[in-house]
Structures are given as C-alpha cells and as structure tokens.
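Worksheet: one structure, shown below.
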Ligand code: NAD
Ligand code: UDX
C-alpha cells in the first residue's frame, strides 16, 4: 500500500518506518525542513533505540523517503496518517488541535481517488468529525473516510511496541476503509495481534482511557509509597504482592518521582477537560493529576531533608534528566520541576544524562552539564538519581562515596538495594522503602 505519514516526531517517524518495514511504500512528510534534511543525511531527529538502522534499511530498499512537500505523496496515497503533535493548550489544558486541523486542510487539497485519512495523533472525542468536516469543506468532491487509529507505543521501546503491540485499535465506519486498515496491519494480525474495530468516537476515547488508567496505576502506587514510608513498609514488596494478582497485573506499579513525558500529563488533562465539558467529570483522573503535580513539587523538599535540612551552598549531582530512560525527550520530565526547585533552595546542580542534555539545555539556567556520570559526581555533596538509565544501575559505589562530600545518594527510582549502597559507606534514601 502507499502511505503518506504527516509528522516525523516520535510517533510519525517510528510508525512510518515500521509500515515501510512491513513492505508498504511510505513517504514521511514534515514542515520542519531541518528534521527532513537530517533524515536525508541519515541523522535521526530524535533518539529512539534501533531507529537509525531500521530507517537506513528501508530507505535503501526504496520503501521509505522523506520530504517537506505534501502534495504528491498525499495525491498518490491509499492511506494518509496525521501524526502531528497535540500538546496541552497553554493556560487551559485542552488538547491544542491547531496542527491536526492545519494538516487536515492541507491534505484535503490534494486528495485523489478513494483515500483513508487516519488520525494517529491522540485527539479528543469528536476530533475525527471535525477533521472530516474540514476536508469536506475544502474539497467537497473528495472520496475520503476519516478513521481513528490511536498509537500506544512507548518512547524508548517504540519499535518493539509498534511491531508487537498488545492490540491495534481502529475506529472506522465503512467496510472498504476497514479492509484497507486490515491490509495495512496485516503482518501484525498474522502474528495474532488483536484488532479492535470500533466506531471513531470510541476509538478516540480508548486512547485517553488507556493513558489515564496507566497514570492512575502510577499515582496509586506513588501514594502507597508515601504511606509505606509513614508506616515502615516496603513499596517494592507491596507492588509485587498486589501485581501478582492477575486482575491487577505487575506493570506500571513502580514508585517514582511522578509520571512525566509527552503523553500522560497532557492526555490526563485533556480527558479531564472533555469529561467536564460533557457534564461527567472524571474525578478519579482529576485526583491523579493533582497528586502527580504535588508529588513532583514535593521531591525537592525530600532531597532537602535528605541533605540534612538545607541545600544552601550544596552541590547536587543529578543523574538523568529525561522523563524516562532510552529517550532524549524532556517534555514534562520531573527534572523540569525538581532541578529549578533545588536551585531555588540554594543548590548548585551538576547534571548528566546520556541522551537528553542537548534538549535539556533549552530548559534550565545555571546547570553545569557534565561529560559523564563521574564528572557529575566530582565535587558534588550529594547525588540524586532522577532517571533510571541502565548506566546508573551499576555505579562503582565505592568511587561514588569517595567523590561525594556528604556521601549521600538519593535514589528516586529505587534502582539499588539499600544494603549494598550502605555497605559502601553511603547514606541512602529511596522511595517507599524502610
Ligand atoms: P512530535 O512533537 O515529536 O512530532 C510532531 C511532528 O509533526 C513535528 O516534527 C512537527 O514539525 C510536525 N508537524 C506539525 N504540523 C505539521 C504539518 N501541518 N505538516 C507536517 N508536519 C507537521 O510529536 P509526537 O510525540 O510524535 O506525538 C504525535 C502525536 O502522537 C501526539 O498526538 C501524541 O499525543 C501522540 N502520541 C505520542 C506518543 C509518544 O510517545 N510520543 C505515543 C502515542 C501517541
Ligand atoms: C506512554 C504510554 O505508556 C504509551 O502507551 C503511550 O502511547 C504514550 O505514553 P511513554 O510516555 O513513552 O508512554 O512512557 P511510559 O513508559 O509509559 O512512562 C511514562 C511516565 O510514567 C514516565 O515518566 C515514567 O517514569 C513513569 N512511570 C512509568 C512510573 O513512574 N512508574 C511506572 O511504573 C511506569
């Protein structure tokens, strides 16, 4: 099939490349000329493990190309995907649909023959209706169906998630569009991936419900972590103890400094707005949102307490800035709240992140960016693990203790066993563990 993918961000580039790898002819289009130029040079505009090789293989095979010009690939496509950003609208938390609607308008002008236009971007219920209305207004003759096909991939594991998803969700109304979507995902359902075929509005809501549910699991275990600290219990064991119950499941029960990233924060907020407007507030999700915001803000205070009550004049080594490992994405990362709060408390910050430092530089003032982990620790009084990169899981703890003035390690991701850290002469603080 011929596919046009609008947007070469984390979702568009990964999806487009994987569709090409399935054997389809894919053209990826982005307005950002710098991103497209980089891709022509074989340089990835984002960090995603394994993506460079997969892109190179498919470009070489002639199935994948990149352009800033939408007209020709859209006119020739069987399926056009909209995979542009839907960030939180500044000030009110609604999903900003400007990019989606702009893409719909541009697509409309160039449609020929029957084309399926798919919103892969995460969009509030009813957006598909609006995309369809825009297309029909601009091009009343267009033979088109607008389909919803939300994406569930996680950054850092995006290729694996796309190629081996738990399910594919398609919101569609005609048989011919459904057939085309089935054909597109054929390699997956041959692998027995369940395909959930439903109507467009339900499909749009499934995406938000999934993200809100996962965010709720994290919010729940984070509150349990605080309770564990208050009553002398161990949150890791609580997670294991409840997660083995198949009705609960073991995933997304890892206590943390709060969830971040380009999806959970904005999508929970957008769902909250949709629900309130519909007259059915999702008060559980509202509570998750506020407890997560409070949690991120409380982390700096926790670090201050671990430092003996004051960060004034202290140097803090921050290990990890990205919202999770294996990505360079800084969107809504807990570090964006925690680092400035520590600076406000009088701390100097030496930070190291294996991939996110270039991105981070746009966000922080007065942070020293170290060349590696031990450079970050040199001259610091205490260290804080903010992101659980593998690199930080096997630190030479004796060396860490020798480098840190106050010999204090604060592990906000629980990646160490307390006994092993303490046996190396460090004071150790983690989350929800005695
Ligand atoms: P992104 O910001 O990384 O990329 C969006 C790209 O779209 C940018 O390169 C931008 O230049 C381009 N763009 C915007 N308007 C355009 C236009 N009119 N024509 C051509 N290009 C245009 O975004 P992302 O993280 O890939 O997210 C895309 C969508 O997918 C969002 O709705 C998001 O919620 C959803 N989503 C993201 C993830 C994730 O892990 N990042 C996972 C699932 C779903
Ligand atoms: C998420 C969804 O998982 C994915 O399905 C959706 O398509 C996009 O949003 P992503 O944001 O890439 O993916 O990463 P994810 O692994 O879900 O982590 C999100 C945040 O939750 C991170 O800040 C992470 O540290 C945090 N998290 C995750 C926890 O705090 N505890 C956990 O147990 C799991």
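Read-outs throughout are calculated quantities, based only on the coordinates presented, and are distinct from any laboratory measurement. Quick caveat: nothing in here was measured; it's all calculated off a predicted structure. Methodologically, a virtual Cβ is constructed for each residue, glycine included, from the backbone with ideal geometry; neighbour enumeration extends over all protein chains shown.
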- Message: Nearest 10 degrees is fine. How inclined is helix 335-344 to the longest principal axis of the chain, computing both from alpha carbons?
- Response: 40
- Item | GNM top mover of 406, 92, 328 - the chain, alpha-carbon springs below 10 Å | 92
- Note to self, the chain gives a 222 nm [θ] from helices alone (DSSP H runs n ≥ 4, -39500 (n - 2.57) apiece, / all residues, nearest 500) of -13500 deg cm²/dmol
- Tell me the label-point distance for the pair residue 398, residue 166, using the 7 Å Cα-to-Cβ offset, in nm and rounded to one decimal. 4.4
- Two-site label geometry, residue 195 and residue 286: point separation in nm, points 7 Å out along Cα→Cβ: 4.0
- Query: Which ordering of 428, 94, 208 is given by a fewest-first count of other beta-carbon atoms within 10 Å?
  - Reply: 94, 428, 208
- Item | Among 399, 413, 90: highest mean-square fluctuation, GNM of the chain, C-alpha pairs under 10 Å | 90
- Can you pull the semi-axes for the chain, root of five times each eigenvalue of the Cα gyration tensor, sorted largest first, whole Å? 42, 24, 20
- Query: Taking Cα atoms, how many degrees apart are the long axis of helix 51-60 and the longest axis of the chain, rounded to 10 and kept between 0 and 90?
  - Reply: 30
- Task: With both partners inside the stretch 2-197, how many of the DSSP beta bridges are antiparallel, as a percent to the nearest 5?
- Result: 5
- To the nearest whole percent, what portion of all C-alpha pairs in the stretch 54-187 is separated by more than 27 angstrom? 22
- In this structure, the FRET efficiency calculated for residue 114 and residue 251 from their beta-carbon separation, with R0 = 51 Å, to the nearest 0.05, is 0.80
- May I ask you to compute the full-extension gain from residue 209 to residue 34, defined as 0.36 nm times their residue separation minus their alpha-carbon distance, rounded to one decimal in nm? 59.5 nm
- Task: Could you tell me how many degrees, from 0 to 90 and to the nearest 10, lie between the Cα long axis of helix 175-184 and the main elongation axis, the longest principal axis, of the Cα atoms of the chain?
- Result: 50
- Taking just the C-alpha trace of the stretch 199-434, give me its Rg and Dmax in Å. 18.4, 61
- residue 233 versus residue 420: modelled label distance in nm, points set 7 Å from Cα along the beta carbon direction: 2.6
- Between 361, 296, 217, find the one with the highest GNM mean-square fluctuation for the chain; connect C-alpha pairs within less than 10 Å. 361
- Task: Would you order 403, 244 from fewest to most other beta-carbon atoms within 10 Å of each residue's own beta-carbon?
- Result: 244, 403
- Message: I want the antiparallel fraction of DSSP beta bridges within the chain, as a percent rounded to 5.
- Response: 5
- So how do 342, 1 line up by other beta-carbon neighbours within 10 Å, fewest first? 1, 342
- Query: Which whole-percent values make up P(r) of the stretch 298-398 when all C-alpha to C-alpha distances are grouped in 5 Å steps starting at zero?
  - Reply: 3, 14, 27, 26, 20, 9, 1
